[in-house]
Amino acid sequence: LEFRRVLFRSVVVIPVKSFSLAKGRLRQHLGEEAATALARSLATAVVRAAHPRSVVVVTNDHDVSEWAVSLGARVVLQHAEGLNAGVHEAYQTVSSGTDYVIIAHGDLANPQGLGSSAIDDGITLFSDHHGTGTNVLALPSGLDFVFHYGPDSLRRHVAEAERLQLKFSVVSDSPWAFDIDEVEDLR
């Protein structure tokens, strides 16, 4: 029963920028068309894996909004610039009526289980395979949490959990440890 409560009282927030701008570090290697298709394919897999949880895509792109709705996701239109501001807007928007918010990158190589995995109390940080990034972040709704995506985000998110004096755990061996940003990630 406890698992069901968490399962149905949580939402997955997926920030997605324009597919034609995403995967900037891979565009030179793959080419424009292939990089755009890769970004869309990865994000589609993440949205699908997040069901049956409620899914919200945060974006400032009209085409991404239409794509998200076609996959059954709600859309939060991002007004502020940058990933952290967009995630903050979505977190604030979805916090009422839910217990937990799960923020997942839209470029996870293996997103299976996002929609069905159990959530621990407190904050759970799922690191990237380098141990420096935060690929998935599960946290209670309604916190005054400041998001710190970018270089060394894992350490900065841990510091934020400590600032709020909240119990937290770091998971470094999840299937979500791999995201696709660099040429080496394609292997």
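The values are calculated or read from the model by the stated rules, or taken from the named source; none is laboratory data. All values derive from a computational prediction rather than experimental measurement. A quick note on method: Cβ atoms are made from the backbone with ideal geometry, for glycine too, and the neighbour counts reach across all protein chains shown. What goes into the accessible areas is simple: the full protein's heavy atoms, side chains included, and nothing from ligands, DNA or RNA. Shrake-Rupley method; radii C 1.70, N 1.55, O 1.52, S 1.80 Å.
List of remarks:
- Virtual paramagnetic centre 7 Å along Cα→Cβ of residue 92, amide N under 17 Å, in the stretch 54-69: 58-60
- Order by protection proxy (mean Cβ within 10 Å, highest first), peptides 162-171, 52-61: 52-61, 162-171
- Computed E for residue 48/residue 99 - FRET, C-beta separation, R0 22 angstrom, nearest 0.05: 0.45
- Computed from Cα positions, the angle between helix 32-50 and the longest principal axis of the chain comes to roughly 30 degrees.
- Projected label points at residue 21 and residue 146, each 7 Å from Cα along the beta carbon direction, are separated by 2.4 nanometres.
- Against the criterion of solvent-accessible heavy-atom surface with a 1.4 angstrom probe, 88, 79, 29 sort, most first, into 79, 29, 88.
- Virtual spin-label span in nm between residue 112 and residue 187, 7 Å along Cα→Cβ: 2.4
- All other residues whose Cβ lies under 14 angstrom from that of residue 124 are scored, Lys and Arg at +1 and Asp and Glu at -1, for a net of -4.
- A helix-only calculation puts the chain at -10500 deg cm²/dmol for mean residue ellipticity at 222 nm, using -39500 (n - 2.57) for each DSSP H run of at least four residues, averaged over all residues.
- Cβ-based net charge around residue 72, under 12 Å, with every Lys or Arg adding one and every Asp or Glu removing one: +3
- Helix 153-163 and the longest principal axis of the Cα set of the chain meet at an angle near 20°.
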